[in-house]
Structures are given as structure tokens and as C-alpha cells.
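This report refers to the structure that appears directly beneath it.
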Amino acid sequence: MLQAKAENKPSSVSVVSGGRATPAATARSALPRLGAAVRAGALASAAACATLSLGCGPGAMPASVRHPLVGSAAPEFHAESTAAVTVGVPGTRRTRVTVIDFWASWCASCSRTLPALDELWRDRKADGVAVIGVNVDDSEAAAEAAAYELGATFPIVADLGQRLTGTYGVAQVPLTFVVDGAGTVRWVGRDPAIARRAVEVLLSERAGARSVFE
């Protein structure tokens, strides 16, 4: 059964009085130690990024939840949305990234996920990002009503028999898949902010590249 779930600058004074170090001299003597500390901190931060996969670099894909489809080909499908538009995987000639979000009207977390993904779609659809919502309710009317209430303007597919839900191995909603232009599932998770990061990484990776579907 599906479940919901002010930088301080040293003084420029350089007068020496009574053999005591001036503020400027003291600051100069501290510079080598300060530089060493800064370098050590930078190295530690870089090591943390590499070890923990924190996504510190511009091209780092954020970590996914554990799912068998990560790194595998996304199951192909084409379905008619509630607006009578055919959507699916692979996408159209201009599709660079496809985001597939499984959701339900009774899912509290989905009420936060859908508006965030709609903002992502509106911001990035001109760049070849497609967002598809797959609703797991028992009726198309419930899917349409919930999507309208949440302000989702991207295509919604009503998965009445939960065929797609089973094919994608969805046991809990919301669950979002980010698929690259080659048809590979690159990220799976439940946080729309991290989904956006994954999309931005893929757009950066494929800047100037052509989709395999062209």
C-alpha cells in the first residue's frame, strides 16, 4: 500500500616606541599563521565535500534515496494527461531533463512538493525541462481537482490502475525521479529543493549537448 510521508583590518600605524611592537608589526607577524589556517580550512572543506558528497561543487549531483532505478534506464511510457496532452519518457526532441513526480490528493507532503515543482517547471521549461505529475488517486476527477487546488500547471497523468506506480517501484508518495536526456534515472528523492539542484546539475552537464532523442 502506498504511504505518504565585517572583516577587521589591522592598523596602519608603524611607529615603534620603547622597543615595543606596534599594531602594524604585530599584524604582519600574524599573517603567516593566518594564511596557514586559511589554507588548512580550505583543504578540510574540500575533503568534506569529497567524502560526504555534499554537492559543494557546481557539477556535483546530490545524493538520492536508495532506489533500484538510480543509474538505470527509466522505464519508457507515454500517457495522456488530464489536459489530453501525451507525455512520457522519452520526451520530445527538445527535452533535456524529465522530472516525474508520483503524488496523491490525500498526501500532506505532496501539497508542498507540487507547488515547488510547478515553479521549477515554469522557470526551466524553456530550457528543455519537462515535469510530469503521476497521480495515484482512484479517479481522474480527484487528480484534476487536487492539481488545480495546489496550482500545478504541468501535465498530470492519472495512474488509475497504478501501472506506472508499480513499474517505477513507488511504495510511498511523494517520490520524484529526475531523468537525464539519455533516459537514465539520475536522482530519486522526496525533497523538491534537492530535485531542483539535480535538474540544474543535468542542465549544466548537457550545456551545448544534443539529446539522444534528436
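The values are calculated or read from the model by the stated rules, or taken from the named source; none is laboratory data. These numbers were taken from a predicted model, which means no experiment stands behind them. To get the accessible areas, we keep the full protein, side chains included, count just its heavy atoms, and leave off ligands, DNA and RNA. Shrake-Rupley method; radii C 1.70, N 1.55, O 1.52, S 1.80 Å.
Just to verify a number: what accessible area does ASP127 come out at with the full protein assembly present, 1.4 Å probe, Å² rounded to tens?
70
Fully extended, how many nm does the chain gain between TRP106 and THR86 (0.36 nm per residue separation, minus their Cα-Cα distance)?
4.7 nm
Using a 1.4 angstrom probe on the protein heavy atoms only, line up THR113, THR167 by accessible area, largest first.
The ranking, largest first, comes out as THR167, THR113.
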